[in-house]
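Have a look at the structure below, then the notes.
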Amino acid sequence: MRTYAGHTSAAASNALYRRNLAKGQTGLSVAFDLPTQTGYDPDHALARGEVGKVGVPVSHIGDMRALFDQIPLSQMNTSMTINATAMWLLALYQVVAEEQAEAAGEDPAAAVQALAGTTQNDIIKEYLSRGTYVFPPGPSLRLITDMVAYTVADIPKWNPTNICSYHLQEAGATPVQEIAYAMSTAISVLDAVRDSGQVPAERFGEVVGRISFFVNAGVRFVEEMCKMRAFVQLWDELTRERYGVQDAKQRRFRYGVQVNSLGLTEAQPENNVQRIVLEMLAVTLSKDARARAVQLPAWNEALGLPRPWDQQWSLRMQQVLAFESDLLEYDDLFAGSAVVEAKVAELVEGARAEIDRVQQLGGAVAAVESGYMKSALVASHALRRQRIEAGEDVVVGVNRFETTEPNPLTADLDTAIQTIDHDVEDKAAAAVRRWREERDADEAGRRRVEEALDRLREDARSGTNLMPASLECARAGVTTGEWAGTLREVFGEYRAPTGVSGSVGVTGEAAAADSELGRVRERVRATGDELGERLRILVAKPGLDGHSNGAEQVAVRARDAGFEVVYQGIRLTPEQIVAAAVAEDVHLVGISILSGSHMELVPEILRGLREAGAGDVPVVVGGIIPDSDARALREQGVAAIFTPKDFGLTQIMGEMVDEIRRSRGLDSSPDRSPVPA
C-alpha cells in the first residue's frame, strides 16, 4: 500500500514519508522532480520553474541521505519513479543504505543484499508518453541492461526495471495496445540482457523473475480486470516459449498498479472517489491476476498537487478494502466465467497480433524510432476524445449530469490543493552550488570527483557495465547534472517523434462536413481569407514537462480545423518558443504545461514576445492551473486559459479563432451560429 509522493525538498518529503508510514502505509513510492528525472541540477537554465514541483529534487548523495533520514532502507520496500537517470538514483540509494548499515555497526554488503524495491527504468514508454528521456534509445537500453545484470548479481531482491504500461493508457492506448506495447518493451529488454552476455544462461530465469510491471486500471471495470488476466496469460507464454524459463514462480506476472488519472475530472471532482474505488477493484477482485502493490491518486489530482490529507484518504480506501471487507479471503471469483474467458481471449488475440506487428518492424526500439507506436497512441487518444465530445463515452459531470450542488470540498480552491513555496527553486539552486563549492574546496575531494567522472566517461565509451562507475560517482559527491552531463557527452541527446508531424488528422473530412468542426473550419478559412494568409498557430511545451498528450491532441484537432500547425515537441525554452513564433509568423501561441511551472515560464514567453515585437500575438495556456494562478496570468496578458474541465477541443478551436480575430481588429464575424444538421 503506497501513495506516490515527493515535493519541495528532501527534508520536506522525508517528513511526509514518515507521516505516511505512521498511518499504515507499507512501502514508499518516490516522485522525483523533472530536473532530477532528466539529469539537470536545480541551477541549470532548463530547470527553471520545475524544481520541487512534481516531485522531490535529488541532486547528490546529501539529498538522498536527507530523503531517507530515520527510514531504514534495508527494511523498506521503495518504488522509485525514475527512468533516464534510474541508474544514478539507484547508486545513490545503495550508498545511503551502506552508510546506514555502517552507522548502525552492521555489514554494508548484507544491507545491500537486503534492499527491496523497484526502479521504474522503462525508457520505451518515455519516448511514447511521459517524455523524461535523455539519451537515444540504444544507449538508454544499455543503461537498463547494465542495471539488470548488476542487480541480479548484487541486489537480488531489487526489481531493476518496471515495464510501465500505465502511461501508455494515459497517452490513449487501448487495452490491446497497452498489453502489446508493454510486452514488446519487455522483449526488447530481455533480448538485450540475453545478448549482452553479462548474465550466464543458467541464471536467466532470475532475470525474468525480477522483471515487474506497472499498469493502469481504468474505470471500465470488466475490461480492465480481463486485461490483467490477459497480461498474466501472455507473460507466462512468452517467458516459457521465447526464453525457456521452466520455473513457474520466475514466470509469475508481478505487477503494481496506479489506477487511472486520465479519467479524473476537474468538474465535480468528488466523483473521482468512486472512480478510484472501482478502478482499484478491477485489480484486486480477481485473485489469479491480483496486483501485488496498489497506489491510488487523490480525488483532487485534476485540480493541483494533493495535500497530505488527500493522500491519507486514498490510503484509507485501500485499508478499508483489505481489512474491513472479505475480498482477500476467497479464491478467484471469475474462474470459469464464460464472459470473462471470452473477453480475455479477445484481448490476447489482439495483443498477439500487435506484438507481431511491432516485431516485424524490428522490435520496440525500432517502432519508437520510426514513430509507429507514438502515432498509433496519438490516433487512439484522438478517437477517445472524439467519443467523449460526441457523448458516445459518458463522463459523469462532464458531458452528462452536469448540474451540481455547490461542492464544500472546493469552496475555497486556493486551499483545496497543496502549494509549493515560491522560494524552493532559489534555495535548491543555492544549495547545489554550495555543495559543489564545499566539495571542490578540498583538493582531494575535487580530484576524486574528476577521476570518478573520467571513469564514467571511459566506461561509457568502452561498453563496461556503468553501475560500478556510477557508485563511485555517488560516493565522490558528484551531482545529478554532472553524472548525466558526462553521459550526454558520450551518448548524445535525442528528440523522439511527436506522432503529430505529417499526420493529416484523425477526425476526418466526412465528420467535418455537417458538424461543429465544419463550422469552425469555415471560420478558420474565412478569417484567413480576410487576413490574406492561412491561419498559423504554434503549439509549444516549455520547460521539462514531457506530458505531451494534451498538446498533441490540440495539434491534431487544430490541423483538422484547418489551421497550419507548428509543433516541435517537448522540452523547449521560452527563448526557443519566442524564436519559433517570430520565425513562423504565427497568429496565436498555445502553451501546454502540466508540471506547475506556468507562473515562471509563461510570463517569460509573454515578455519575450513583447521584446521581439510580437506582443500582439495572443497567447493561450492549457494545463492544471489553479484559479488564483489563472487570474494572475490573465492580468499579465494571457488571452485565454483552458483546464481539464474544458474537454471540448473543437470549442477550444473556435475560441482560438475569436482570439486571433480580436488581436487583428476584426469583428466577431463570420457567423458563429451552429451549422444546421
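Per residue, the convex hull spanned by the alpha carbons of region 257-373 comes to 160 Å³. What the phi angles of region 634-647 give under the Karplus curve with 6.51, -1.76 and 1.60, with θ = phi - 60°, is a coupling list of 5, 4, 8, x, 5, 6, 7, 10, 10, 10, x, 5, 8, 7 Hz, glycine and proline written as x. Orientation-averaged projection of region 275-327 equals 3.9 nm² [convex hull of Cα atoms, one quarter of hull surface area]. By accessible area, using a 1.4 Å probe on protein heavy atoms only, the chain has 50% of its surface on carbon and sulfur. Using C-alpha pairs under 8 Å with a sequence gap of at least 6, the mean separation divided by the residue count of the chain gives a relative contact order of 15 percent. The relative contact order of region 540-592 comes to 55 percent, based on Cα pairs under 8 Å that sit 6 or more residues apart.
Per residue, region 68-215 exposes 25 Å² of accessible surface when a 1.4 Å probe is rolled over the protein heavy atoms with every protein chain present. Scalar couplings 3J(HN,Hα) for region 13-26, obtained by applying the Karplus form with A = 6.51, B = -1.76, C = 1.60 to θ = phi - 60°, are 5, 4, 4, 5, 4, 5, 5, 5, 5, 5, 7, x, 5, 9 Hz; x denotes Gly and Pro.
Ranked by the mean number of other Cβ atoms within 10 Å of their residues, highest first, the peptides 97-106, 229-238 come out as 229-238, 97-106.
Expressed as an acute angle from 0 to 90° and rounded to the nearest 10, what is the orientation of the C-alpha long axis of helix 271-282 relative to the principal long axis of the chain? Roughly 40 degrees, rounded to the nearest 10. Mean residue ellipticity, 222 nm, helices only, the chain: the sum of -39500 (n - 2.57) across DSSP H runs of n ≥ 4, divided by residue count and rounded to 500, is -16000 deg cm²/dmol. Restricting region 326-423 to GluC sites (Glu not before Pro) that sit in a DSSP loop and have at most 12 other Cβ atoms within 10 Å of their own Cβ leaves Glu392, Glu402.
The share of alpha-carbon pairs in region 182-312 lying farther apart than 25 Å comes to 38%. For region 142-196, trypsin sites (Lys or Arg not before Pro) are listed when DSSP marks them as loop and at most 15 other Cβ atoms sit within 10 Å of their Cβ; the list is Lys157. When Rg and Dmax are taken over the Cα atoms of region 520-677, they come to 14.7, 47 Å. When each of the peptides 605-617, 122-134 is scored by how many other beta carbons lie within 10 Å of its residues on average, the order from highest to lowest is 122-134, 605-617.
Roughly how tilted is helix 86-103, in degrees to the nearest 10 and between 0 and 90, from the longest Cα axis of the chain? So the helix axis and the longest Cα principal axis differ by about 40 degrees. For region 1-150, the Cα gyration tensor yields ellipsoid semi-axes of 24, 19, 14 Å (square root of five times each eigenvalue, largest first, whole Å).
Dipole magnitude for region 270-396: about 420 debye, using +1 per Lys or Arg Cβ and -1 per Asp or Glu Cβ, origin at the Cα centre. Helix 480-491 and the longest principal axis of the C-alpha atoms of the chain enclose an angle of approximately 80°. Here's the picture: charge each Lys and Arg Cβ at +1 and each Asp and Glu Cβ at -1 in region 277-425, and of Leu285, His422, Ser325 the one pushed furthest to the positive end of that dipole is Leu285. Ranked by the mean number of other Cβ atoms within 10 Å of their residues, highest first, the peptides 572-579, 209-216, 31-38 fall in the order 31-38, 209-216, 572-579. With the biggest extent put first, the Cα atoms of the chain measure 77, 69, 52 Å across the principal axes.
So what is the relative contact order for region 543-637, in percent, with contacts set as C-alpha pairs under 8 Å and at least six apart?
30 percent
On a per residue basis, region 368-497 carries 52 Å² of accessible surface, using protein heavy atoms and a 1.4 Å probe.
Accessible surface for region 530-677, divided over its residues, is 38 Å² per residue with a 1.4 Å probe. Residue order by solvent-accessible surface for His44, His598 is His44, His598, largest first, with ligands and nucleic acids left out and a 1.4 Å probe. Spacing of the modelled spin labels on Val394 and Lys427, each 7 Å from Cα toward Cβ, amounts to 4.8 nm. Ignoring solvent entirely, what values of log10 I(q)/I(0) come out of the Debye formula for region 189-244 at 0.18, 0.25, 0.31 Å⁻¹ when each Cα is a single scatterer? Debye intensities relative to I(0), on a log10 scale: -0.70, -1.01, -1.29.
The values are calculated or read from the model by the stated rules, or taken from the named source; none is laboratory data. These figures come from a predicted structure and were not determined experimentally. Note: ideal-geometry Cβ built from the backbone for every residue, glycine included; neighbour counts use all protein chains shown. Areas reflect the complete protein model, heavy atoms only, side chains present, ligands, DNA and RNA absent. Shrake-Rupley method; radii C 1.70, N 1.55, O 1.52, S 1.80 Å.
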